[in-house]
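The values are calculated or read from the model by the stated rules, or taken from the named source; none is laboratory data. Just so it is clear, the model here is predicted, and its values are computed rather than measured. Quick reminder, even Gly has a Cβ in these numbers, built from the backbone with ideal geometry, and neighbours come from all protein chains shown.
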Amino acid sequence: MSNSTEQLHTIRTTKPHLVPARPFERTAPTTKLSIVMPVFNEQRTIARAVGQVLRTELPCELELIIVNDGSTDGTSEILRALNHPAACVIEHPRNLGKGAALQTGAAVASGTHFVPFDADLEYDPADLARLVTPVIAGRCDVVYGVRLFGANTRYQSYRHALGNRALTLAASIMFDASLTDIHTCLKLLPVALFRDLCLSEDGFGLDTEITAKLLARGISPFEIPVSYHSRSTAYGKKITWRDGVECLQVLARVRAARPSRSEAVAAQFDPLDMLATSVRTLTELADPATSGVEPSTSEVRASHG
């Protein structure tokens, strides 16, 4: 072994922080965000909402899927003027409900991740970039943009705010979770996962059903604070106390049907898959001249009998 080689070997073993790092290679993001906007009689705000979403700068590709859920107030005429390569409009022949509109949009989504976005301007499209950033970084796959009571928010009705907090508490107790905002509109999750949830609610109950079925699988959302500017019933707010009762029924139904916690965790995590992933992660840190072929999951299974 030459002197230079011996010196390099000594540095690697005694002072690893002095080893020259490999050049950083930035890979192009593969995430594509499908934004689904359900619309019912929103002629006051639909043009501004669509424009703000399409002008929003995101760290990934986006598509905007607008589902016109049987509007009768002139919304349809406004949407006919839309001509943008990243946007499309789907028409329901009659009002089928917000849940049905979201499922229609998810069925045609071509992105990797899905997020609803209402057309009433209660939420800020600029927050979408903050939601998708941890997904691109690989930190999580399910992200909720939560409204913090008294922080960057304005509720027109204390009853609505209190009702949301009560239902959030009920969900947290039923599923032993720690939620901040069960009824936030901004629920970002993989398109494949959304389709796999087997959702059945066509109205506002779908909002609750998504969270309930995620929690039933042992999936807790990563929460990021967002801004919120509530509108009143005079300006088109459609949620009533009856929707709150329906949400409680949805929570109870999903809770009664969910598997045990151990079964949910076993279905979500395969220990050998996790071991293979960990080995691959450490292999990437090895010196290129000495690192071998990364083990596959099948090889790890074989080595463990």
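Being closer than 29 Å to VAL143 by Cβ, of a type in the set (Val, Ile, Thr) and touching a residue at least 40 places away in the same chain (Cβ under 8 Å): is that true of VAL53 here?
Values: closer than 29 Å to VAL143 by Cβ: yes; of a type in the set (Val, Ile, Thr): yes; touching a residue at least 40 places away in the same chain (Cβ under 8 Å): yes.
Against the criterion (closer than 29 Å to VAL143 by Cβ, of a type in the set (Val, Ile, Thr) and touching a residue at least 40 places away in the same chain (Cβ under 8 Å)), VAL53 qualifies.
List, please: which pairs have Cβ atoms under 7 Å, are six or more places apart or on different chains, and start with a residue in the stretch 70-85 that is in the same structural domain as ALA47 (by TED's automatic domain parsing) and in contact (Cβ under 8 Å) with a residue 12 or more places away in the chain and end with one that is among the acidic types (Asp, Glu) and not in a helix (DSSP H, G or I)?
Between residues of the stretch 70-85 that are in the same structural domain as ALA47 (by TED's automatic domain parsing) and in contact (Cβ under 8 Å) with a residue 12 or more places away in the chain and residues that are among the acidic types (Asp, Glu) and not in a helix (DSSP H, G or I), the close pairs are THR75/GLU42.
One line per residue, one yes/no per condition, for (1) at pLDDT below 95; (2) crowded, with 20+ Cβ neighbours inside 10 Å; (3) not in a loop (DSSP other than H, G, I, E, B):
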| residue | (1), (2), (3) |
| --- | --- |
| GLN156 | yes, no, no |
| LEU162 | yes, no, yes |
| LEU193 | no, no, yes |
| LEU206 | yes, yes, yes |
| ILE210 | no, yes, yes |
